[in-house]
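All remarks here apply to the structure that follows.
No lab work stands behind these numbers, since they all come straight from the coordinates. Computed from a predicted structure; not experimentally measured. As a convention, Cβ positions derive from the backbone with ideal geometry for all residues, glycine included, and neighbour counts pool all protein chains shown.
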Amino acid sequence: MVVFALFIISKAGGLIYNREFHSGLSKLTSNDYLMLAGSFHGMHAITKQLCPAMPAPVNPSSTAAVLAPSPFSGRPSGLEVLESTHFRMQCFQTLTGTKFLLFTEPQQPNIDSMMRKIYELYADFVMKNPFYTVEMPIRCEKFDRGLDGFVKVRS
Amino acid sequence: MSGAQNQPTGLRYPSNKKTIYDRNLNRTKNAELSRAAFAYLFVEMISYAQQRVRGIADLEKRLNNQGYPLGLRLLDLLLSRSSNPLSSIRPTRILPLLQFIAQTLWRHLFGRPADALERSESDASQFMLYDNEPLVNQYISLPREMSQLNCAAFVAGIIEGVCDGAGFATEGVSAHSVAEQEGGASAGGGMWPGKTVFLIKFKQEVLEREEILGRGGG
């Protein structure tokens, strides 16, 4: 069980949090990370448009369960999972449009519950922090510590 | 009822005409508040205090001022709530007052007593009240340039209000983070990374009175 990294992308497409838990992903420059986040943001928006017509049944690509109960359950979710031989990327978009990208090993179980826990930590230690400005890079010591504790217990 | 609603006064009457003053004092005794709701409210209180503020001391002063009226009122509320008439007398000596703060007030506000109470060895007028994990700071991570700040200054304001309301004038109550170790976050931050001490410094006249009362009682 290895969790490689967590990215958080703001609703404008900027990378606001980037954390590596385990080496294994190839290193990129910080500029590349920003571009990666921007490209993913665009791709996510396009995949949303690709969704079949509204009354269609479940989108075959989005087999993963929806994390939060959405009030717009019929709304297309866009890209959720990306798998390759060496990693699996799970994307979770909050109702306000912030995206959490979690890079794990392909066999990693329980990503949904993990994502929910990370979202909870974000809601607690980032959104309830008076010194955090929305949409700006996240620098919250307690959030880092919470993630560390959570990921280390898991792996 | 409708007359009251049409008037542009600040006081609003609920439809059953029962204002907060008609309620039984003990009704909300065991009521609990949502921690998240408090956290968001506190976020806004800090943002409000941060407007046009000069420096960290100024910000702490403002938070202190926000807590002060709460302390004045809580003293009366908590004392009139107690069912035992003997214990609803205001504390007249320093130690019972501090016990009241560390036990009754802390339990009311945070659901548990304070962690330690000490008297300063160097200065007899100074008392230290410890809280290992202040509830108000639970979700707060300070930015590096404000590491001096402790948002528990709000709680310090409440304490100051209680002391003043009971007739124990203070030079001021302040909240400080206790630096237990040098390691920082990477070392795990020790057992209680958010440990906070509230310094309560009473005025000289309070100590003089205490001494006279002590002689009279002894």
- line: Expressed in angstrom and rounded, the centroid-to-centroid distance over alpha carbons for segment A:134-155 and segment B:143-179 is 29 Å
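If exposed means no more than 13 neighbouring beta carbons inside 10 Å and the site is in a DSSP loop, what's the longest run of chain B without any exposed GluC sites (Glu not before Pro)?
Working: sites that count: B:Glu32, B:Glu121, B:Glu180, B:Glu182.
For GluC sites (Glu not before Pro) (loop position, at most 13 other Cβ atoms within 10 Å), the longest site-free span of chain B is B:33-120.
Taking the Cβ of B:Gln66 as the center, what net charge do the other residues with Cβ under 14 Å away carry, scoring Lys and Arg +1 and Asp and Glu -1?
Working: positive: B:Lys61, B:Arg62, B:Arg73; negative: B:Glu44, B:Asp58, B:Glu60, B:Glu160.
The answer is -1.
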message: Just to check I understand the Karplus step: with θ = phi - 60° and J = 6.51 cos²θ - 1.76 cosθ + 1.60, what whole-Hz values come out for segment B:174-179, glycine and proline as x?
response: 10, 10, 9, 6, 9, 7
query: About the Cα centre of the protein assembly as shown, what is the dipole size in debye to 20, counting +1 per Lys and Arg Cβ and -1 per Asp and Glu Cβ, all else neutral?
result: 1200 debye
field: Candidates B:Ser15, B:Ser87, B:Ser141: whichever shows maximal mean-square fluctuation once chain B is modelled as a Gaussian network with Cα springs under 10 Å
entry: B:Ser15
- prompt: Using modelled backbone amide H atoms (1.01 Å from N, in-plane), which distant-in-sequence or interchain residues come within less than 5 Å of B:Val173's amide H?
  reply: none
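Please rank B:Lys17, A:Lys99, fewest neighbouring Cβ atoms within 10 Å first, as an exposure proxy. Intermediate values should be presented prior to the final figure.
Working: B:Lys17 9, A:Lys99 20.
So the ranking, lowest neighbour count to highest, is B:Lys17, A:Lys99.
Need one word for segment B:56-103: rounded, prolate or oblate. Basis is the Cα gyration tensor (sqrt eigenvalues a ≥ b ≥ c); a/c below 1.5 gives rounded, then a/b vs b/c decides. Each step should come with its number before you reach the end.
On the way: a/c = 3.82, a/b = 2.15, b/c = 1.77.
Prolate.
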statement: With a ≥ b ≥ c from the Cα gyration tensor eigenvalues, square-rooted, and the rule rounded for a/c under 1.5, otherwise prolate when a/b > b/c and oblate otherwise, segment A:95-155 is prolate
- line: Env charge @ B:Ile56, Cβ radius under 15 Å, K,R +1 / D,E -1, value +2
task: Can you work out the PRE-style zone for A:Val2? Point 7 Å along Cα to Cβ, and I want the residues of segment A:74-96 with backbone N under 15 Å.
output: A:84-89
query: Could you give the nm distance between label points at A:Arg19 and A:Lys152, where each point is 7 Å from its Cα heading toward the beta carbon?
result: 1.2 nm
- prompt: Direction-averaged shadow area of the convex hull around the Cα atoms of the protein assembly as shown, nm²?
  reply: 27.3 nm²
- line: Excluding residues fewer than 8 positions from B:Lys195 in its own chain, the lysines with Cα under 29 Å of it are A:Lys117, A:Lys128, A:Lys142, A:Lys152, B:Lys29, B:Lys61, B:Lys203
- prompt: Can you work out the base-10 log of I(q)/I(0) for segment B:52-202 at q = 0.19 1/Å, using the Debye formula on its C-alpha atoms alone?
  reply: -1.20
task: Could you tally the net charge around B:Gly161, taking each other residue with its Cβ under 12 Å from the Cβ of B:Gly161, Lys/Arg +1 and Asp/Glu -1?
output: -2
